[in-house]
Amino acid sequence: MAGLSPQVTNIIIILGMMQVSKRIPFDDPNVLNMVRALYVASNVIIAAIYLYVQVQINKKKDLTTLKYVEPPPMGSSEEGKLITTTVHAYDSQQIKNSFRSQLMGIAMMGFMHLYMKYTNPLLIQSIIPLKGALESNLVKIHLFGQPASGDLKRPFKQPAGLMSGLQSGPAQSDKKAVEAAERAGRGGVKDE
């Protein structure tokens with residue numbers, strides 16, 4: 001599956017795991033507890049990966065200046081805002097967003113499983129978030145040691161998704177866009 005996009009592999013995994021989950025006897029308490037343990041173990045692994053990446057970010061403390069133009073909110077008529085930050089601050093913010101995303105997934109799964117009594121999503125949610133964590137840009141850079149160039153160049157491009165057509169464009173880091181934002185006086189305050 002090396003040539004397929006992450007979204008396509010996610011759909012393949014979801015469809016495959018839906019078929020597998022139909023054959024799993026969730027009525028058996030032992031099987032249900034094993035699937036719950038798999039879900040918890042998956043989230044512990046994700047948290048450990050993110051903590052390791054956070055430690056690496058703080059250890060490197062890359063204070064290289066990073067300037068980019070943040071796209072305006074969807075439906076807004078205003079122009080993008082110039083953001084001046086450091087690679088360390090940008091990576092720290094990105095890993096915080098990853099933690100927040102993981103916690104939201106746990107909360108949603110907790111609601112679906114504990115309150116609504118759905119069991120099948122436990123299996124799928126044990127695999128997809130772990131796959132997503134291993135495919136994230138920060139993990140590729142700080143865990144797998146890939147250079148921060150090409151697709152891994154900061155600011156990271158937002159992955160194409162179902163709603164990407166409704167969102168404003170990606171953050172612009174080219175010199176022309178940054179200089180135009182500086183001349184227009186939009187933002188430029190250094191985030192710490």
Within the bounds of segment 141-150, is there any residue that is at pLDDT below 90, exposed (fewer than 11 other Cβ atoms within 10 Å of the Cβ) and assigned to a helix (DSSP H, G or I)? yes
Within segment 1-17, restricting to residues that are closer than 12 Å to Ile127 by Cα and touching a residue at least 24 places away in the same chain (Cβ under 8 Å), the one that is most open to solvent (accessible area, probe 1.4 Å) is Ile14
Inspect segment 118-125 for any residue being without any contact (Cβ under 8 Å) to a residue 60 or more places away in the chain, open to solvent by less than 60 Å² (accessible area, probe 1.4 Å), assigned to a helix (DSSP H, G or I) and more than 19 Å from Ala89 (Cβ to Cβ) and give the result as yes or no. yes
Per the filter on segment 89-147, residues more than 29 Å from Ile57 (Cα to Cα) and of a type in the set (Asp, Glu) are none
Taking segment 20-76 and keeping residues more than 16 Å from Phe99 (Cα to Cα), β-branched (Val, Ile, Thr) and either open to solvent by 80 Å² or more (accessible area, probe 1.4 Å) or not in a loop (DSSP other than H, G, I, E, B) (or both) leaves Val20, Val31, Val35, Thr65, Val69
- Scanning for something among the β-branched types (Val, Ile, Thr) and either modelled with pLDDT under 90 or in contact with a Phe, Trp or Tyr (Cβ under 6 Å, 6 or more places away or on another chain) (or both), does segment 26-33 turn up at least one residue? no
Note on segment 1-20: residues farther than 17 Å from Ser136 by Cβ, under 26 Å from the mean Cα position of the chain (by Cα) and of a type outside the set (A, V, I, L, M, F, W, C) are Gly3, Gly16
| Has segment 103-113 got any residue that is closer than 19 Å to His142 by Cα and either over 20 Å from the mean Cα position of the chain (by Cα) or open to solvent by less than 40 Å² (accessible area, probe 1.4 Å) (or both)? | no
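The values are calculated or read from the model by the stated rules, or taken from the named source; none is laboratory data. These figures come from a predicted structure and were not determined experimentally. Don't worry about glycine lacking a Cβ; one is built from the backbone with ideal geometry, like all the others, and counts go over all protein chains shown. These area figures cover heavy atoms from the full protein model, side chains too; ligands, DNA and RNA do not enter into them. Shrake-Rupley method; radii C 1.70, N 1.55, O 1.52, S 1.80 Å.
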